[in-house]
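Here is the structure we will look at.
The values are calculated or read from the model by the stated rules, or taken from the named source; none is laboratory data. As the structure is a prediction and not an experimental result, all values here were calculated from the model. Cβ: placed from backbone, ideal geometry, glycine included. Neighbour counts: every protein chain shown. Remember, those area values only see protein heavy atoms, side chains included, never the ligands or the DNA or RNA. Shrake-Rupley method; radii C 1.70, N 1.55, O 1.52, S 1.80 Å.
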Amino acid sequence: MRALIIGAGTGGLCLAHGLKKAGVDVALFERDRTPRSMLIGFRVGISPDGSKALHSCLPPEVFAEFVRTTARPVRRINMRTEKYGELLVADLPPAVDETRSEKSVSRIAMRTALLNGLEDVVRFDKTFTHYRHNDDGTVTAFFADGTSETGDVLVGADGAQSKVRKQRLPDAKVVDTGITSIAGKLKMTPETLALLPPDGDEAVTLLYGPKGAFVILHVMHFDNGGAEDDYIMWGFSAAHDKFPDLRGMTQDQLKQVVLDLTPNYHPNLRELFRRANPETVFEIRIRTSEKLPPWQASNVTMIGDSVHLMTPGRGIGANTALRDAELLCRKLVEAHHGKDLVEAVSEYEREMVEYGFEAVLASREQMDGRGAIHKPVIGRVVLACFRTFLRVTNALPPLKRRMMARDMADRDHVDSAHEVVHAR
Ligand SMILES: Cc1cc2nc3c(=O)[nH]c(=O)nc-3n(C[C@H](O)[C@H](O)[C@H](O)COP(=O)(O)OP(=O)(O)OC[C@H]3O[C@@H](n4cnc5c(N)ncnc54)[C@H](O)[C@@H]3O)c2cc1C
């Protein structure tokens, strides 16, 4: 069997490794001109689901290299007000082992690590344009440079703006969530670490401000000889109507917008905003997929953001892409060993649509401009209730443990999926 994959992102690279490891002839095509071009270097949290998928698909030495590029793991969830007042602080349970632990990684470092061992598989500067089904059951992918490649199966792993999806499922909708985020990074030094809120080091900190505004802080210590210099990353999100028109703004101006919107936030938090390196500041309007009606499987399928784009809320987009890669890999390997290919794709799609769109909904709950918290008067009441709920939970350890266990369970599915598959 020959598999063609479009897109050398999180899902595409994981799938390519899994197929290559299983002896499938695989080729991956990426539009970026070089491995490091075009990628915004934001931090991605890899959950136990993501770790297990990577461990299952990557050769051991590439998995070890990936682990080496990750930052110090998150030890705590730290929820506070915009003035650093404590709402809920909870320690995460220690990881069982590296194959199923939470990890923090930079997107560029992750791609670099995952490219190891795929030198003969990945081709850069290949922009996919469209595909065509052939009479002999194969599929041909066409590229902007006038070339084409033929295989038995085509996998779109080409992210939010997927061209594969546009042709395969032309009615699929990607909608605006009504939320804008501006994010930036600054160098970690003893001085900048001291600006973090209490319990902020080695934590993911979530700060809930008025008018539905929300700040996330990530602290990236690279202890393993450094994929990158240590850094602190912040992201500020709010409904679109809270922002001025951002079109055409420079990165410095975007940073100033965050400062203008947060005059009463803790001065140390504003200092973290101010100290961001302007070159790292970026803005995104958060979009998400809408649930799709069922479709007939074929030898063209999709994984990750290309089929179920979700908001960064809950940090599950990359992890769901990895889960797709692992599941589709298993199904395609079964087809490689004789199972009907379209049946294998159909089994993958049935399972993926279920957990994929559940994840889309869960992530949208966290970032939805239609939510009451963004409304002028009721928003204040909702914020007060939410903060009270967090403070009460914080004061009652059994309740807090249950909340954390539920959250952790949401990030640790693949074992049960395996069991279901084997039971069948
Ligand atoms: C600020 C931010 C923070 C995030 N944090 C987290 C987090 O903590 N945890 C988490 O799980 N997720 C997180 N996500 C989401 C996560 O980054 C994505 O869900 C994930 O990268 C999706 O993987 P993918 O393989 O589907 O697509 P991508 O990783 O986006 O890869 C798609 C690839 O396809 C290529 N491509 C596109 N079009 C073409 C074409 N026509 N031809 C050839 N190649 C093409 C692109 O260049 C790209 O390399 C975050 C997202 C953002 C924006």
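Here are the numbers for the structure shown:
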| item | result |
| --- | --- |
| Strands (runs of 3 or more DSSP E) completely within segment 198-248 that count 2 or more residues being farther than 16 Å from Val89 by Cβ and open to solvent by less than 60 Å² (accessible area, probe 1.4 Å) | 214-220, 231-239 |
| Of all residues making up segment 21-36, the number that are open to solvent by 80 Å² or more (accessible area, probe 1.4 Å) and within 16 Å of the ligand (Cβ to nearest atom) | 3 |
| Some residue of segment 75-94 being hydroxyl-bearing (Ser, Thr, Tyr) and either open to solvent by 70 Å² or more (accessible area, probe 1.4 Å) or within 15 Å of the ligand (Cβ to nearest atom) (or both) | no |
| Entirely in segment 17-83, the strands (runs of 3 or more DSSP E) that have 3 or more residues that are modelled with pLDDT of 95 or more | 25-29, 76-81 |
| Some residue of segment 292-303 being assigned to a helix (DSSP H, G or I) and open to solvent by 20 Å² or more (accessible area, probe 1.4 Å) | no |
| So Glu283, is it under 27 Å from Phe243 (Cα atoms), within 16 Å of the ligand (Cβ to nearest atom) and open to solvent by 40 Å² or more (accessible area, probe 1.4 Å) | yes |
| Number of the condition not met by Val139 [criteria: (1) within 30 Å of Asp241 (Cα to Cα); (2) away from the ligand (no atom under 11 Å from the Cβ); (3) buried (at least 17 other Cβ atoms within 10 Å of the Cβ)] | (1) |
| Qualifying residue in segment 177-184 (condition: surrounded by fewer than 21 Cβ atoms within 10 Å (Cβ to Cβ) and over 23 Å from the mean Cα position of the chain (by Cα)) | no |
| Index of the failed condition, Ser346 passing every other in (1) open to solvent by 30 Å² or more (accessible area, probe 1.4 Å); (2) over 20 Å from Cys14 (Cβ atoms); (3) more than 20 Å from the chain's Cα centre (by Cα) | (1) |
| Set Arg314, Arg323: member being open to solvent by 10 Å² or more (accessible area, probe 1.4 Å), within 15 Å of the ligand (Cβ to nearest atom) and under 14 Å from His413 (Cα atoms) | Arg323 |
| Every pair of residues 6+ apart whose Cβ atoms lie under 7 Å, when the first sits in segment 134-148 and is without any contact (Cβ under 8 Å) to a residue 24 or more places away in the chain while the second is surrounded by fewer than 11 Cβ atoms within 10 Å (Cβ to Cβ) | Thr140/Asn134 |
| Residue match in segment 397-407 (condition: within 15 Å of the ligand (Cβ to nearest atom), buried (at least 19 other Cβ atoms within 10 Å of the Cβ) and either closer than 28 Å to Gln161 by Cα or under 24 Å from the mean Cα position of the chain (by Cα) (or both)) | no |
| Flag if Gln161 is polar (S, T, N, Q) and near the ligand (Cβ under 10 Å from one of its atoms) | yes |
| Scan of segment 355-389 for residues that are touching a residue at least 12 places away in the same chain (Cβ under 8 Å) and among the aromatic types (Phe, Trp, Tyr), ordered by number | Tyr355, Phe357, Phe386 |
| Per-region count, segment 154-189, residues in a loop (DSSP other than H, G, I, E, B) and either in contact with a strand residue (DSSP E or B) (Cβ under 7 Å, 6 or more places away or on another chain) or on the phi < 0 side of the Ramachandran plot (or both) | 12 |
| Conditions (1) more than 12 Å from the ligand (Cβ to nearest atom); (2) open to solvent by 30 Å² or more (accessible area, probe 1.4 Å); (3) of a type outside the set (Gly, Ala, Ser); (4) farther than 19 Å from Gly18 by Cα: number failed by Arg330 | (4) |
